[in-house]
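First up is the structure itself, then whatever we jot down about it.
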Amino acid sequence: MTATVSVLSACGAGSAGSPDTARPVAQNKPLVDKANWPKATPQRGLAKGLSLPLEDYMQSYADTVTLDDAARHLQEKCMADYGFDVRLTVAGATPPPNDNDANMERRYGLTDREAAQKYGYGLPEELTDQPRQKVPDLSEEQVEVLTGHSKPTKVGPDGAPVVKKAPATYKGKQIHAKGCIGDADSKLGKSAIDFQLVSELNGQSFLQSMQVPAVKEALGAWSRCMKGKGYTAATPTDSAALVQHTDPASQQEIDIALAEIDCKQETDLVDIWFKEETKIQKQQIADHKAELTTAKEKNTKAVAAADAALKS
């Protein structure tokens, strides 16, 4: 969770500083544990070491954390300029299960038999039992300086919080148009980062790959394998839908999860699917090389600015 999101969530009526917004971190357990961060590629299972071409144009989790942490650092410095000593939430404490939007670990459904044996379709405890940081309980003036608008007190018809523009100044010092948050983003170049194209291509390649004859044939073989084990499913999405997930996972859930993976291994589904989607993505990159390269360069520039900001 980024500092910006955390603080804005805290500004909602009754949420800031409430007892359930934070869980104490276990003794000797670091708030940010990089050991739990997702790796660039899956480390085990049928997808071990696999990486699709478009991933080269996506933002990694490490880059996301660097940008979010630098934004927090600059926001705190900005707030200090107005006389506020505010400590915002740090990035990297609640890592996701995947390094980027490709989600290779589960792109083609479950692939890690060792994890499925223990958690079924669920996630390991290091990803589900994460420490939640206590967000700061900001005053109205602090929110105005931080965000450039008032504390939201209600939600409008469109579901968005209702806010007012902040005063032009605080104690004679001009408030940034979008507050300290906007000022930090401007210094880092975060607003210039745009991953919409790569996100769209990522989704399109997956859907297109399912229509490739080799993949359709492999899915058919996988489905027949599942049928032989007593489960009716045309795709891995269908097998996941058979499960009523519980925590801890039931034996039935584990059995279905293992059947899904074992049938993939028997039919080479993951390998076939990955190879066909790789072909599609290589063509996508060739068709959109200039736009993808520009987006990647903007992200690289912003991350470099974030690194520099964290050292300042």
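The values are calculated or read from the model by the stated rules, or taken from the named source; none is laboratory data. In this text the structure is predicted, and so the values were computed from the model without any measurement. Cβ coordinates were reconstructed from backbone atoms using ideal geometry, including for glycine residues, and neighbour counts include every protein chain displayed.
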Among the residues listed as K134, K151, the single one being at pLDDT below 90, buried (at least 16 other Cβ atoms within 10 Å of the Cβ) and of a type outside the set (A, V, I, L, M, F, W, C): K134
Neighbours by Cβ (under 8 Å, 6+ apart or cross-chain): first from the stretch 242-260, within 11 Å of Y121 (Cβ to Cβ); second among the acidic types (D, E): V243/E253; Q244/E253; H245/E253; T246/E253
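If you take the residues of the stretch 12-49 that are of a type in the set (G, A, S) and modelled with pLDDT of 60 or more, which of them is surrounded by the most Cβ atoms within 10 Å (Cβ to Cβ)? Even if it seems obvious, please write down each step before you answer.
At the first step, the residues of the stretch 12-49 found to be of a type in the set (G, A, S) are 12-18, 22, 26, 35, 40, 45, 47, 49.
Remaining after also requiring modelled with pLDDT of 60 or more: 35, 40, 45, 47, 49.
Working: A35: 7, A40: 14, G45: 19, A47: 24, G49: 11.
Checking each candidate, the answer is A47.
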Residues of the stretch 77-105 satisfying the condition of being part of a helix (DSSP H, G or I) and either without any contact (Cβ under 8 Å) to a residue 24 or more places away in the chain or of a type in the set (K, R) (or both): K77, A80
Cβ pairs under 7 Å, 6+ apart, first in the stretch 287-312 and closer than 23 Å to Q204 by Cα, second of a type in the set (S, T, Y) and assigned to a helix (DSSP H, G or I): L292/Y57; A295/Y57; K296/Y57
Elements of type helices (runs of 4 or more DSSP H) in the stretch 111-200, at least 3 residues being in contact (Cβ under 8 Å) with a residue 24 or more places away in the chain and within 30 Å of L50 (Cα to Cα): 113-119, 125-128
Given (1) in a helix (DSSP H, G or I); (2) surrounded by 18 or more Cβ atoms within 10 Å (Cβ to Cβ), number of the condition D56 does not satisfy: (2)
